[in-house]
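S.K.: Mind looking over this structure? Questions follow.
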Amino acid sequence: MKRDLLSINDLTEKDIALILQKTKILKKMRKSNRKLNQLQDKTLALIFFKPSTRTRISFEVAMYELGGNVTYLSGDEIQISRGEPCADTAKVLSRYVHGIVIRTFSHSEVLELAQNSTIPVINGLTDLEHPCQILADLFTIYERHKKLDGLKIAFIGDGNNVANSWLLAAPKVNANFVLACPRGYEPDSGIVSSAIKEAKRKGVHIEVINDPKLAAKSADVIYTDVWISMGQEKDAKAKKSQFNRFQVNKNLLALAKPECMIMHCLPAHRGEEITADVIDGKNSVVWEQAENRLHVEKTILSLLLK
Ligand code: CP
Ligand code: NVA
């Protein structure tokens with residue numbers, strides 16, 4: 001049976017542990033130039049209704065390095081943009097290619113695509129979730145600490161798609177997760193309550209608060225993301241004015257553990273959600289984090305498209 005990756009909730013604790021182990025091997029293999037041909041004769045379609053640097057390129061290169069091919073479909077150049085249903089697109093693509101990565105606005109469109117395709121569908125970011133990013137984040141932290149359980153992750157900023165996926169992931173890896181955002185910018189309420197419930201069951205701490213200093217205190221990781229996500233450009237001015245207190249800067253970093261990892265899924269806006277000295281400073285792991293997208297995408301493709 002085909003498997004999709006639409007949400008972090010599509011993965012069990014065991015799946016995540018397997019992804020971390022396999023990614024470690026694939027990263028090592030690439031560093032020693034060892035080739036893989038596991039996806040020879042397979043083609044991946046990439047449907048993007050929003051811009052992308054990391055997600056698009058990491059999936060393309062991952063596919064090439066696994067011996068496969070890709071076809072990139074810009075959202076406005078396919079018939080969905082003229083009203084063809086996602087369901088029909090799914091049925092057609094299932095007869096041409098072996099997997100789909102889609103980046104779009106509405107999460108329900110991705111669900112519709114997945115329900116109507118006979119091939120795996122991977123969420124390359126929706127307004128609700130960004131699961132592939134969080135898998136690379138988990139791997140980046142795991143590489144440093146050799147574990148995830150018991151760590152404190154502080155997410156400072158908007159309760160957006162990245163935050164939602166982090167909320168679902170943290171209890172699965174037994175990590176503590178505290179998110180600080182301005183009032184009114186909390187993550188999806190259904191996701192927050194299910195994450196808190198799951199955290200209680202696992203004996204870890206998950207909290208959404210409005211105090212960035214409290215969140216950053218003794219953190220092992222400080223994570224941030226843009227204040228204005230793709231598609232929210234019209235609200236930019238009003239929104240930015242409410243986020244000033246939520247900037248990741250050296251004062252906030254000083255409250256965390258000395259070796260605290262600074263993470264950002266990128267693209268970053270220096271001077272907004274994070275200062276240049278912090279993102280380009282010694283605690284930052286953002287380039288390793290971005291590189292790890294490639295290794296994790298390879299793992300995802302090799303597990304789903306086999
Ligand atoms: N982090 C991330 O998904 O980056 P892109 O928007 O460049 O794909
Ligand atoms: N929250 C951001 C993530 C970009 C990778 C957005 O949706 O634009």
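S.K.: Let me cross-check Arg245: its accessible surface, 1.4 Å probe, with only protein heavy atoms counted, in Å² to the nearest 10?
M.R.: Spelled out: Arg245, probe radius 1.4 Å, area about 150 Å².
S.K.: For Ile47, what residues show an amide H to amide H distance below 5 Å, using hydrogens built from the backbone and excluding near sequence neighbours?
M.R.: Under 5 Å from the amide H of Ile47: Leu73, Val101, Ile102, Arg103.
S.K.: Using Cα pairs closer than 8 Å and at least 6 residues apart in sequence, work out the relative contact order for the chain, in percent. Numbers along the way, then the final one.
M.R.: On the way: 583 pairs, mean separation 60.0, N = 306.
Reported as a whole number, the value is 20 percent.
S.K.: Checking the a/c ratio against 1.5 first, then a/b against b/c, what shape does the Cα gyration tensor give for segment 233-306?
M.R.: Here segment 233-306 falls in the oblate category.
S.K.: Which trypsin sites (Lys or Arg not before Pro) does segment 33-99 hold that lie in a coil by DSSP with at most 14 other beta carbons within 10 Å?
M.R.: Details: sites: Arg34, Lys35, Lys42, Arg54, Arg56, Arg82, Lys91, Arg95; in loops: Arg34, Lys35, Lys42, Arg95.
The qualifying sites are Arg34, Lys35, Arg95.
S.K.: Too long at a 19 Å Cα-Cα cut-off: which of Lys147/Lys172; Lys146/Lys306; Lys22/Lys197; Lys28/Lys172; Lys2/Lys298?
M.R.: Over 19 Å Cα-Cα: Lys146/Lys306; Lys22/Lys197; Lys28/Lys172.
S.K.: Separate question: Could you tell me what fraction of 2.2 N^0.38 Å the Cα radius of gyration of the chain comes to, as a two-decimal ratio?
M.R.: 0.97
S.K.: Then there is this: Once the Cβ-Cβ distance between Asp15 and Ser194 is put in as r, and R0 is 22 Å, what FRET efficiency do you end up with, to the nearest 0.05?
M.R.: On the way: r = 18 Å, r/R0 = 0.80.
Calculated value: 0.80.
S.K.: Express in Å², to the nearest 10, the accessible area of Thr118 obtained by rolling a 1.4 Å probe over the protein heavy atoms while all chains stay in place.
M.R.: Taking all protein chains as shown, Thr118 has close to 110 Å².
S.K.: Here is the link list: Lys200/Lys282; Lys27/Lys282; Lys42/Lys240. Which ones come out longer than 32 Å on Cα distance?
M.R.: From the list (Lys200/Lys282; Lys27/Lys282; Lys42/Lys240), the Cα-Cα distance tops 32 Å for Lys200/Lys282; Lys42/Lys240.
S.K.: Provide Tyr185, Tyr223, Tyr72, Tyr96 ordered by accessible surface of protein heavy atoms (probe 1.4 Å), highest first. Could you put the intermediate results ahead of the total?
M.R.: Working: Tyr185 50, Tyr223 0, Tyr72 80, Tyr96 160 Å².
So, going from the largest accessible area down, we get Tyr96, Tyr72, Tyr185, Tyr223.
S.K.: Enumerate the amide H contacts of Met261 below 5 Å, restricted to partners 5 or more residues apart or on another chain; note that Pro and chain-start residues carry no placed amide H.
M.R.: Result for Met261 returns Val221, Ile222.
S.K.: So what are the ³J(HN,Hα) numbers for segment 165-176, from phi and the Karplus equation (6.51, -1.76, 1.60; θ = phi - 60°), rounded to whole Hz, Gly and Pro as x?
M.R.: Once rounded to whole Hz, the list reads 5, 5, 4, 6, 7, 3, x, 5, 10, 6, 9, 8.
S.K.: Can you find, among Thr126, Leu93, Ser106, the residue sitting farthest towards the positive end of the charge dipole of segment 36-138, where Lys and Arg contribute +1 and Asp and Glu -1 at Cβ?
M.R.: Leu93
S.K.: For the chain, what is the charge dipole size about the Cα centre, in debye to the nearest 20, if Lys and Arg each add +1 at the Cβ and Asp and Glu each add -1 at the Cβ?
M.R.: Details: 43 positive and 36 negative charges, 213 e Å.
The calculated dipole for the chain is roughly 1020 debye.
S.K.: Answer rounded, prolate or oblate for segment 173-214, using the Cα gyration tensor with square roots of eigenvalues a ≥ b ≥ c: rounded when a/c is under 1.5, else prolate when a/b is larger than b/c, else oblate. Numbers along the way, then the final one.
M.R.: Values: a/c = 3.13, a/b = 1.46, b/c = 2.14.
Here segment 173-214 falls in the oblate category.
The values are calculated or read from the model by the stated rules, or taken from the named source; none is laboratory data. No experiment lies behind these values; they were computed from the predicted model shown. Don't worry about glycine lacking a Cβ; one is built from the backbone with ideal geometry, like all the others, and counts go over all protein chains shown. Surface accessibility is based on the protein's heavy atoms, side chains included, excluding ligands, DNA and RNA. Shrake-Rupley method; radii C 1.70, N 1.55, O 1.52, S 1.80 Å.
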